[in-house]
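Enquirer: Sharing a structure with you now.
The values are calculated or read from the model by the stated rules, or taken from the named source; none is laboratory data. Since we're looking at a predicted model, the values are computed, not measured. Positions of Cβ are generated from backbone atoms using ideal geometry, with glycine treated the same way; all protein chains shown enter the neighbour counts.
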Amino acid sequence: MMKKYAKTHEWVQVEGKVATVGISNFAQDKLGDVVYVDLPQVGKVVKKGETLMSIESVKAASDVYAPVSGKVLQVNEKLNDQPELVNKDPEGEGWLVKIEMTNPNELNELLDEGAYKKHCEEEE
Amino acid sequence: MHPYIPHTDEEIQQMLHAIGVEHIDDLYKDVPITVKELKIPKGLDEFTVLSTLESIAQKNAVIEKKNIFMGAGIYSHYIPQVVESVSSRPEFVTAYTPYQAEVSQGTLQALFEYQTMICELTGMEVANSSMYDGASALAEAILMAHRINNKHKVLISQAVHPEYIQTSRTYTCAQKLSFQIVPLNGSGMTDTAVLKNSIDDDSCAVVIQYPNFFGIVEDLRAIKEVAKDLVFIVVAEPFALTVLEPPATFGADIVVGDGQPLGIPMSYGGPTVGFFATLEKHVRKMPGRLIGETTDVDGNKGYVMILQTREQHIRREKATSNICTNHALMAVRNAIFMGVLGPNGMKEVAYKSYSNAHYLAERIQQKGYKLIFDGPFFNEFAVRMTDDYDSKWRKIFQHGVLAPLPLGWYFNQYKDGALACATEVNTKESIDKFVELLGRDGI
Amino acid sequence: MTIFEKSVTGRKAFRFPDTAIEKREFDIPNHLLRKKAPQLPELSEPDVVRHYTDLASKNYSVDKGFYPLGSCTMKYNPKINEYTAALRGFSQIHPYQPWEFTQGALQIIFELKEFLCEITGMDDMTLQPAAGAHGELTGMLIARAYHLSKGDFKRHIALVPDSAHGTNPASAAMAGFDVVELKSTEDGLIDLAELKKNLSDEVAVLMLTNPNTLGLFEKDITEIAKMVHDAGALLYYDGANLNAIMGRVRPGDMGFDIVHLNLHKTFSAPHGMGGPGSGPVGVKSFLAEFLPIPVIRKADDKYYPDFNLPKSIGRVRSFYGNFLVMVKAYTYILTMGRDGLTHASRMAVLNANYLRTLISRFLNIASPRTCMHEFVVDGSEFVRQTGVKVLDVAKRLLDYGVHAPTVYFPLIVHEAMMIEPTETESKDTLDMFSKILKQIVEEARTKPDIVKNAPYKTPVRRLDDVTATKKPVYRFKRQG
């Protein structure tokens, strides 16, 4: 399944109606050592672009925005004890939440890998 | 030349020259002039300043410690000289917030030890490195309770210090919180039946003082039983905590209080220091600075500020509080004081305060006055005097005795009441003298 | 070693007098009596003294050396202030004593209020707030009460520039406002077009620091005040940077309606490792009825606390505030006088501009404009060239025996270093600091690892704050 990216540096991987969400490798590098992941409550309903949760380093707290609308189905509880997974494997084991999408069409507004890479280069 | 400002005329000229301007006024070219000369006196020499301040200080009546029978939030205890001497060290007094940890290990370790002592006293898991005072600590505790459960109704005992309640109302007025005052029963404890009936789906927290404003030792177990699902906030007095079961045992979520009794002079009410303790599960909702232990690159133990993302300098409008400057020096003073007294000394103060207060209560009752409540009290108690007590209180003051607080200031229903206090500094002789004054004709 | 590890069971540092009153056992229900004693240390008096003397030796302080923290005004803390604050007539009085017998204390509060009103151009003032942020909260609650009292319920927005101190948005939020961040110009000044765009009948207050956090004076202040007032909003002054302008211009004259001060910055009270401070709030007369209770007044040569303010926002803390800190500030103002305060501001500005000139020879300054009492170094080019971070430079400064400036603030400057020398530092000290900084810049270019791994000579070396926050240890725990 194809991976898509938001301009705000979240990634989404979709299986059926469920989107797994995390932050990109580019984003984790900017954040520095992640010390705490403030996971949302399971069941939380979010709209695309709204604050989903936040990730903290020692001297910063960064909001993670929902790349798609829907309901939080599952959170990556491993991050409670091992927030460093976000640094080590942001686009794998360091995933954040799974969202049940209410509007899969929103995926079309996200960037594919090539476009996202270009976007990051511009930000640099 | 001014004693605190080193610049000679020659240096000023050299500096202006380096900057590339002629006059200091050239540096102010963006700044309008709106004052020609401030209407305050010209600067004075140290000798004159000192005698001015000394004469102003003399306009305040200093009551001998043993003749103070008033507490109500500010207590007269003995403060060992070593506490004064050690806490006055300029390395503590003239340091800033420990933003550069490597050159602030003294501050950081002292505060880490303070946090530990507050945890020991309260039984809680985490204490921050200080708030301004007990009242603002309570206000912040209530705001934190709201962050914990997002509910709005705060049930607050009538026997919480009135100024703490006023402060909490001010702090929370913009947060859509409502306060309900829970009355007392005949023994002076918060009425659990009323409390139980007042709890609804939107109830956020219950606030109890321990011992309460009237000195009565509240039954925290009974409170917790009826208010299980609320955030349980306890306002505590530190000496009492050396002999009373700590609030943590009864399921308190947040314990706050004022550290003034622990080595801080009465100081007309400030600066004192607020202590603030909670459970680890709530720590990310906590206000204020936290110090934690860690190691340096060589593996040596050291201390740093932790969980800073809760604070205003990082989280700005989403911070858990706006607090920045706190009362670190007073917190360290608390720690030094506890280090000097130790667990046994602290307990001894508690015993002596209790014994003296009970002796005082007996002597007052022998004069025919009645206690307002029949519950167990620690070192303060409420007693019915007469309707003209306020003027009597002022007359007694002229005899060099600070008599119990007139309760009419804060409570209509106790207009003839007084809140008495004794600590380890009162003596049998001073108590007997006060009781004699109380009964004297013309007073 | 912690104080707990030095504890020896049975040691005592204090002896109580014998008493004629018999010791009683507690007549309190058993379940409320403490079963396990708190684990406090047991020490002798010399143990305590040595422990804290050792800790003291691990601190940097104003008495030790140069402390150029931007926005913190780390000026010298005069010794006489400590002495006067400790006078028994001030330190040994109970706040509930009859006010007829605390006339000296009330006189201090009243006269200090008068002095500060004169210095700031305000009409009335409360000295109750304990700190700057506490003053901000008080001031913003006054703004809220004012709008509500006029039946104006729409004003829910506080405008705060992106260059502001973190306390500003945090205090505004606590006072119930929605914070809207105002994008400033590159110099951190108010962008008038941006302000105009954001002003509406929903805006309650604009919070400003002037000089701002880049140390620049807001030269359009009169225009800004007019725009804000025309929109029905209030103008709030964060007094953190008052040290630049005393005796020349007053916030009240610039059009500010509410002002908070920091007695522990401008008025020389010491910072005490983070406090206690004192954060008075001054207001124009039309806001005086909202001040916290009690307000100290004078009538017939008597000073008294006035509790009768029906529209007051209430109390913001217990009693009268940090009274002893007020005594220190009062002592300072008497000592300095109108001439000394004005001179202090001028020398603070001279020092900042002089040091700015020296440093501009080897580092970039964030703004080309003449600064007031502080300035900001823009380290981004330096960082790009050397790979050494501003944080590393800060740590290396510690090795040379000076304190680091404020780093990474204000947020609008990348790799910021904010330097405020204050007026109590001599030309020699500034020359020395500049020399040290230049040497570090040189080190960063030639042997960057030395800077990156600094400090070396401090009581501990760089600390692991990542693990400290990830696996927090909040308190000392005995092994086992």
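Enquirer: Would you check which residues across the range B:264-286 are surrounded by fewer than 24 Cβ atoms within 10 Å (Cβ to Cβ), assigned to a loop (DSSP other than H, G, I, E, B) and of a type outside the set (A, V, I, L, M) and list them?
Expert: Residue satisfying the conditions is B:P265 alone.
Enquirer: Can we say C:P455 is surrounded by 17 or more Cβ atoms within 10 Å (Cβ to Cβ) and touching a strand residue (DSSP E or B) at 6+ places or on another chain (Cβ under 9 Å)? Step through it out loud before you land on a result.
Expert: Values: surrounded by 17 or more Cβ atoms within 10 Å (Cβ to Cβ): yes; touching a strand residue (DSSP E or B) at 6+ places or on another chain (Cβ under 9 Å): no.
Criteria not met by C:P455.
Enquirer: Where the second residue is assigned to a helix (DSSP H, G or I) and modelled with pLDDT of 95 or more and the first is more than 7 Å from every other protein chain (Cβ to nearest Cβ) and closer than 23 Å to C:T458 by Cβ and lies in the range B:293-317, which pairs have Cβ atoms under 8 Å and are six or more apart or on separate chains?
Expert: Matching pairs, first to second residue: B:Y303/B:A101; B:Y303/B:Q105; B:Y303/B:L108; B:Y303/B:Q109; B:Y303/B:L111; B:Y303/B:F112; B:M305/B:A101; B:M305/B:L108.
Enquirer: Take the residues in the range B:329-341 that are within 7 Å of another protein chain (Cβ to nearest Cβ) and over 19 Å from C:D47 (Cα atoms); name whichever of them is surrounded by the fewest Cβ atoms within 10 Å (Cβ to Cβ).
Expert: B:L329
Enquirer: Determine whether the range B:258-266 contains at least one residue that is hydrophobic (A, V, I, L, M, F, W, C), under 26 Å from B:A382 (Cα atoms), more than 12 Å from chain C (Cβ to nearest Cβ) and under 23 Å from the mean Cα position of the chain (by Cα). If you could, list the steps in order and put the result at the bottom.
Expert: Step one: list which residues in the range B:258-266 are hydrophobic (A, V, I, L, M, F, W, C), which gives B:262, B:264, B:266.
Checking which are under 26 Å from B:A382 (Cα atoms) leaves us with B:262, B:264, B:266.
Restricting the remaining residues to those that are more than 12 Å from chain C (Cβ to nearest Cβ) gives none.
Checked the range B:258-266: no residue is hydrophobic (A, V, I, L, M, F, W, C), under 26 Å from B:A382 (Cα atoms), more than 12 Å from chain C (Cβ to nearest Cβ) and under 23 Å from the mean Cα position of the chain (by Cα).
Enquirer: Follow-up. Pull up the range B:267-318, narrow it to residues that are among the polar types (S, T, N, Q) and at pLDDT 95 or above, then point me to the one that is farthest from the chain's Cα centre (by Cα).
Expert: Applying the first criterion (among the polar types (S, T, N, Q)) to the range B:267-318 yields B:267, B:272, B:278, B:294-295, B:300, B:308-309, B:312.
Still in the list and also at pLDDT 95 or above: B:267, B:272, B:278, B:294-295, B:300.
Values: B:S267: 12, B:T272: 5, B:T278: 17, B:T294: 30, B:T295: 33, B:N300: 35 Å.
Per the stated criteria, the residue is B:N300.
Enquirer: Another question, if that's okay. Need the failing condition index for C:S268 against (1) in contact with a Pro (Cβ under 8 Å, 6 or more places away or on another chain); (2) modelled with pLDDT under 95, just the number.
Expert: Status for C:S268: all satisfied but (2).
Enquirer: Consider the range C:426-445. How many of its residues are in contact with a helix residue (DSSP H, G or I) (Cβ under 6 Å, 6 or more places away or on another chain) and within 14 Å of chain B (Cβ to nearest Cβ)?
Expert: Qualifying residue count, the range C:426-445: 3.
Enquirer: Have a look at B:N426, B:N344 and point out the one that is within 11 Å of chain C (Cβ to nearest Cβ), surrounded by fewer than 20 Cβ atoms within 10 Å (Cβ to Cβ) and polar (S, T, N, Q). Lay out the reasoning, then the answer.
Expert: Values: B:N426 fails: surrounded by fewer than 20 Cβ atoms within 10 Å (Cβ to Cβ).
Answer to the check: B:N344.
Enquirer: Which members of the range A:1-20 meet the condition of being surrounded by 14 or more Cβ atoms within 10 Å (Cβ to Cβ), out of contact with any Pro (no Cβ under 6 Å at 6 or more places or on another chain) and not charged (D, E, K, R)? Break it down into steps so the answer makes sense when it comes.
Expert: Kept after step one, since they are surrounded by 14 or more Cβ atoms within 10 Å (Cβ to Cβ), are these residues of the range A:1-20: A:3-14, A:18-20.
Filter once more, keeping what is out of contact with any Pro (no Cβ under 6 Å at 6 or more places or on another chain): A:3-5, A:7-9, A:11, A:13-14, A:18-20.
Matches in the range A:1-20: A:Y5, A:T8, A:H9, A:W11, A:Q13, A:V14, A:V18, A:A19, A:T20.
Enquirer: Does the range B:149-162 include one or more residues that are more than 8 Å from chain C (Cβ to nearest Cβ), over 30 Å from C:P472 (Cβ atoms) and under 14 Å from the mean Cα position of the chain (by Cα)? If you could, list the steps in order and put the result at the bottom.
Expert: Taking the range B:149-162 as the starting set, the residues that turn out to be more than 8 Å from chain C (Cβ to nearest Cβ) are B:149-160, B:162.
Filter again for over 30 Å from C:P472 (Cβ atoms), leaving B:152-153, B:155-160, B:162.
Keeping just the survivors that are under 14 Å from the mean Cα position of the chain (by Cα) gives B:160, B:162.
Within the range B:149-162, one or more residues are more than 8 Å from chain C (Cβ to nearest Cβ), over 30 Å from C:P472 (Cβ atoms) and under 14 Å from the mean Cα position of the chain (by Cα).
Enquirer: Another question, if that's okay. Only helices (runs of 4 or more DSSP H) wholly contained in the range B:120-234 count here; list those with 1 or more residues that are surrounded by 24 or more Cβ atoms within 10 Å (Cβ to Cβ).
Expert: On the way: elements: B:134-149, B:162-172, B:192-198, B:220-226.
Filter on the range B:120-234 gives B:134-149, B:162-172, B:220-226.
Enquirer: Separate question: I'd like to check which helices (runs of 4 or more DSSP H) are fully inside the range C:413-476 and have at least 1 residues that are closer than 14 Å to C:D392 by Cα. Can you show your working first?
Expert: On the way: elements: C:427-446, C:448-452, C:465-470.
Output list reads C:427-446, C:448-452.
Enquirer: Still on this structure, I have one more. Mind checking which residues of the range B:53-71 are within 20 Å of the chain's Cα centre (by Cα) and either farther than 15 Å from B:S267 by Cβ or buried (at least 21 other Cβ atoms within 10 Å of the Cβ) (or both)? I'd like the intermediate steps shown before the answer.
Expert: Taking the range B:53-71 and keeping what is within 20 Å of the chain's Cα centre (by Cα), we get B:65, B:68-71.
Scanning the range B:53-71 gives B:I68, B:F69, B:M70, B:G71.
Enquirer: Now, a different point. Just checking, does the range B:353-374 include any residue being in contact with a Pro (Cβ under 8 Å, 6 or more places away or on another chain) and assigned to a loop (DSSP other than H, G, I, E, B)? Full working, then the answer.
Expert: So the first thing to find is which residues in the range B:353-374 are in contact with a Pro (Cβ under 8 Å, 6 or more places away or on another chain), and the list is none.
Looking for residues that are in contact with a Pro (Cβ under 8 Å, 6 or more places away or on another chain) and assigned to a loop (DSSP other than H, G, I, E, B), one finds none in the range B:353-374, hence no.
Enquirer: Still on this structure, I have one more. Just give me the residues in the range A:83-108 being under 15 Å from A:S57 (Cβ atoms) and either out of contact with any Ser or Thr (no Cβ under 9 Å at 6 or more places or on another chain) or surrounded by fewer than 21 Cβ atoms within 10 Å (Cβ to Cβ) (or both), in sequence order. Reasoning before the result, please.
Expert: Going through the range A:83-108, the residues under 15 Å from A:S57 (Cβ atoms) turn out to be A:83-88, A:90, A:94.
The answer is A:P83, A:E84, A:L85, A:V86, A:N87, A:K88, A:G94.
Enquirer: Out of the range B:198-229, which residues are farther than 26 Å from B:A382 by Cβ and not polar (S, T, N, Q)? Break it down stepwise before answering.
Expert: Taking the range B:198-229 as the starting set, the residues that turn out to be farther than 26 Å from B:A382 by Cβ are B:199-204, B:228-229.
Answer for the range B:198-229, where residues must be farther than 26 Å from B:A382 by Cβ and not polar (S, T, N, Q): B:I199, B:D200, B:D201, B:D202, B:C204, B:K228, B:D229.
Enquirer: Of all residues in the range C:327-366, which are touching a Phe, Trp or Tyr at 6+ places or on another chain (Cβ under 6 Å) and within 7 Å of chain B (Cβ to nearest Cβ)?
Expert: If the condition is that a residue be touching a Phe, Trp or Tyr at 6+ places or on another chain (Cβ under 6 Å) and within 7 Å of chain B (Cβ to nearest Cβ), then C:I333 is the only one that fits.
Enquirer: Run down C:V407, C:V383 and say which single residue is at the interface with chain B (Cβ under 10 Å from one of its Cβ atoms) and without any contact (Cβ under 8 Å) to a residue 40 or more places away in the chain. Break it down stepwise before answering.
Expert: On the way: C:V383 fails: at the interface with chain B (Cβ under 10 Å from one of its Cβ atoms).
None of the other options fit; the residue is C:V407.
Enquirer: Look at the range C:246-299 and say how many of its residues are among the aliphatic types (A, V, I, L, M) and within 11 Å of chain B (Cβ to nearest Cβ). Outline the logic, then answer.
Expert: From the range C:246-299, those among the aliphatic types (A, V, I, L, M) are C:246, C:249, C:254, C:258-259, C:261, C:263, C:269, C:273, C:281, C:283, C:287-288, C:291, C:293, C:295-296, C:299; that's our starting set.
Retained after the next criterion (residues that are within 11 Å of chain B (Cβ to nearest Cβ)): C:246, C:249, C:254, C:263, C:269, C:273, C:293.
Qualifying residue count for the region: 7.
Enquirer: With the checklist (1) in a loop (DSSP other than H, G, I, E, B); (2) under 26 Å from C:F290 (Cβ atoms) in hand, flag the one item C:T185 doesn't pass.
Expert: (2)
Enquirer: Can you pull out the residues in the range B:347-390 that are more than 26 Å from the chain's Cα centre (by Cα) and at the interface with chain C (Cβ under 10 Å from one of its Cβ atoms)?
Expert: Residue satisfying the conditions is B:Y359 alone.
Enquirer: A follow-up question, please. Between C:S312, C:S380, C:S360, C:S318, which is outside the structural domain of C:L437 (by TED's automatic domain parsing) and either under 25 Å from C:T422 (Cβ atoms) or surrounded by fewer than 24 Cβ atoms within 10 Å (Cβ to Cβ) (or both)? Full working, then the answer.
Expert: On the way: C:S380 fails: outside the structural domain of C:L437 (by TED's automatic domain parsing); C:S360 fails: outside the structural domain of C:L437 (by TED's automatic domain parsing); C:S318 fails: either under 25 Å from C:T422 (Cβ atoms) or surrounded by fewer than 24 Cβ atoms within 10 Å (Cβ to Cβ) (or both).
Within the list C:S312, C:S380, C:S360, C:S318, the selection yields C:S312.
Enquirer: While we're looking at this one, here's another question. When only residues in the range C:57-80 that are within 7 Å of chain B (Cβ to nearest Cβ) and over 30 Å from C:K395 (Cβ atoms) count, which is surrounded by the fewest Cβ atoms within 10 Å (Cβ to Cβ)?
Expert: My answer is C:I80.
Enquirer: Now a separate question. Go through (1) surrounded by fewer than 24 Cβ atoms within 10 Å (Cβ to Cβ); (2) closer than 29 Å to C:M372 by Cβ; (3) of a type outside the set (D, E, K, R) for C:Y330 and report which single condition fails.
Expert: (1)
Enquirer: Same structure, new question: Looking at A:I55, A:I23, which is the one that is within 28 Å of B:V304 (Cβ to Cβ) and in contact (Cβ under 8 Å) with a residue 60 or more places away in the chain?
Expert: On the way: A:I55 fails: in contact (Cβ under 8 Å) with a residue 60 or more places away in the chain.
The unique qualifying residue is A:I23.
Enquirer: I want to confirm something. Restricting to the range C:1-14 and keeping residues that are surrounded by 10 or more Cβ atoms within 10 Å (Cβ to Cβ) and modelled with pLDDT under 95, which single residue is farthest from B:F377 (Cα to Cα)?
Expert: Initially, the range C:1-14 is screened for residues surrounded by 10 or more Cβ atoms within 10 Å (Cβ to Cβ), giving C:2-8, C:11-14.
From what is left, the residues that are modelled with pLDDT under 95 are C:11-14.
Values: C:R11: 31, C:K12: 28, C:A13: 29, C:F14: 27 Å.
Among them, the one singled out is C:R11.
Enquirer: Got a sec? Which of A:D89, A:D38 is closer than 28 Å to B:Q308 by Cα, of a type in the set (D, E, K, R) and in contact with a strand residue (DSSP E or B) (Cβ under 6 Å, 6 or more places away or on another chain)? Can you show your working first?
Expert: Values: A:D89 fails: in contact with a strand residue (DSSP E or B) (Cβ under 6 Å, 6 or more places away or on another chain).
Testing whether each residue is closer than 28 Å to B:Q308 by Cα, of a type in the set (D, E, K, R) and in contact with a strand residue (DSSP E or B) (Cβ under 6 Å, 6 or more places away or on another chain) leaves just A:D38.
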